[in-house]
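In what follows, a single structure is set out as structure tokens and then discussed.
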Amino acid sequence: MSEEIKEVRKRKRKRKRKEEEEEGGSVYAEKAPDFGALASLYPSFHPFVKLCPHPSIDWSDFNATRELTRVLLHHRHSLNWWIPDGHLCPTVTNRSNYIHWLHHLLSSNFISNHPNLSLRGFDIGTGASCIYPLLAASLHGWSFVGSDVTDVAIEWAQRNVDSNPHISQLIEIRKVQANADASCVGLQHSLNALFTTDNNTYHGPPILVGVVQDDENFDFCMCNPPFFQSLEEAGLNPKTSCGGTSHEMVCPGGERAFITRIIQDSTQLKDRFRWFTSMVGKKSNLKHLISKLWEVGVTIVKTTEFVQGRTHRWGLAWSFLTPMHKSSISLPDKKNTSFMLQGLQRQHGAINVLEAVKSHFSLHGLSCTLNTSSFTVDVTASKDDCDSIPSNELPIIYKAVVCQPTTETSNGSSLNLPHERLCFRISVFQQIPGTLLVKGSLQDTNSPLSGTFSVIFRKLEEVLRDKFCTKSV
Ligand SMILES: C[S@@+](CC[C@H](N)C(=O)[O-])C[C@H]1O[C@@H](n2cnc3c(N)ncnc32)[C@H](O)[C@@H]1O
């Protein structure tokens, strides 16, 4: 591939990421640390920082990465923290991205919102670092159960909790007993049969079933699973040294088997968690896991991408609760708004969705231009065009468009909109097979018609979902 093509692709990826960030963060990327500033604030960190040509650290030095994590947790989050030599050292920026996404997910109304303000989570495999409970408790005041299987992880996770008395009441560290609760074993065997499609079935200690107690409910679970199938696979990146013992990094079948077991457990605990989530390390596993999820009857699946430097990870979330369709769009007065179409059948691609967008608007007499190379439809609506949309097709959400002065015609059959033109663009992006992002961009943000745009866009979402989505999301 020529350098030019590579450069164009890089720019395109960067632009797409920026657009997605503007939309409320489908891509999560925290600001990189300022090593120079940290070195001057923390003398213990200074020896690890090479100042020329620009401040950096040696990522292959475990002591340097651990000290960076320690000072960042202290500087950004006022947390006291340490882990023993050789244990998996979390990258604060990367772990924060997961927490930011969860926060977004839990405060969205994809599913009905929880009346409680204090949220409770379950961190599967919290590790010696106990990084997720510490970060989330200090950022959002969420309470946690953090589980793990090894004695060292349990001992150090507890030490890290105890070193932070201001949040220690929020976090319970729980040891997973390697021999599962006998009453679960028979059921687990029959479920294994259901979930086994290859030899990579998870056969390790319990993950959720047998660890979550009978009287417990959680808003969410989260997990950074052992990604790798073998130690050789885990040692493939010599450029970084974040440590990691075999227990932390490896499980037979790798993350695919581990997360498949979480999915399996979620079918039994569907009423006990509002959201089940996991980090996914390999994009190739994401598609497989998403199809597993639809097979077991989830009602909603959400994914995201975490980008930190050159590291890409994915977030996968699902729920068995009833989704709230109408609220997945960001509300009026935004230049960009979007929704995801998930669970599309194989034969339906971006082009079919674009054609449906065009025919939907054309049907209402709006002027449309379909551009198949940019995957966009440009739409212009005049006052007359808008008037031709029957009010019963613009449901009650119109009333929520507070910024717009609206009047109904005497017979109530059409909406009387201000005397301007409304120009907007609908773009369709393929996310992963079966999932498309539909984005609407208003040309003039200051237009008094921006509220109307939201209404029209929401209607479009309903139409496209009805037409293309096999499962309700
Ligand atoms: C990749 S590490 C993640 C550690 C930490 N959460 C982080 O993000 O740095 C995976 C952790 O899962 C733990 N683990 C493996 N099997 C488990 C199980 N069945 N239940 C709970 N934890 C488990 C390992 O001991 C390890 O600490």
### Message
Full-extension gain between Ser362 and Leu139, please, as 0.36 nm times their residue separation minus the C-alpha to C-alpha distance.
### Response
75.5 nm
### Summary
In order over the stretch 262-269: 3J(HN,Hα) from phi, Karplus 6.51/-1.76/1.60, θ = phi - 60°, whole Hz, x for each Gly or Pro, gives 5, 4, 4, 5, 5, 5, 8, 10
### Query
Which pairs break 26 Å Cα to Cα here: Lys287/Lys467; Lys292/Lys358; Lys31/Lys302; Lys175/Lys292?
Lys292/Lys358; Lys175/Lys292
### Message
Can you sort Ser338, Ser143, Ser246 from fewest to most other Cβ atoms within 10 Å of each residue's own Cβ?
### Response
Ser246, Ser143, Ser338
### Cβ-based net charge around Tyr132, under 10 Å, with every Lys or Arg adding one and every Asp or Glu removing one
0
### Message
Net charge within 11 Å of Thr376 by Cβ-Cβ distance, Lys/Arg positive one each and Asp/Glu negative one each, not counting Thr376 itself?
### Response
+2
### Task
List the residues whose amide H sits under 5 Å from the amide H of Phe220, counting only those 5 or more places along or on another chain, with H placed 1.01 Å from N in the peptide plane.
Arg120, Phe122, Arg274, Trp275
### Message
Need one number: nm distance between label points at Asp162 and Ser246, each 7 Å from Cα along Cα→Cβ, rounded to one decimal.
### Response
3.0 nm
### Query
By how many nm would the segment from Lys175 to Asn200 grow when fully extended, if each residue of separation counts as 0.36 nm and the alpha-carbon distance is taken off?
6.5 nm
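So how do Asp214, Asp444, Asp271 line up by other beta-carbon neighbours within 10 Å, fewest first?
On the way: Asp214 5, Asp444 15, Asp271 9.
So the residues, fewest neighbours to most, are Asp214, Asp271, Asp444.
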### Task
Calculate, in nm to one decimal, what Ser40 and Asp61 gain on full extension: separation in residues at 0.36 nm each, minus their alpha carbon distance.
5.6 nm
### Query
How much net charge surrounds Ile263 when only other residues with a Cβ under 10 Å from its Cβ are counted (Lys, Arg +1; Asp, Glu -1)?
0
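All of the numbers you see were taken from the coordinates with simple rules; none came from a lab. Keep in mind that this is a model prediction, so the values were computed, not measured. Note: ideal-geometry Cβ built from the backbone for every residue, glycine included; neighbour counts use all protein chains shown.
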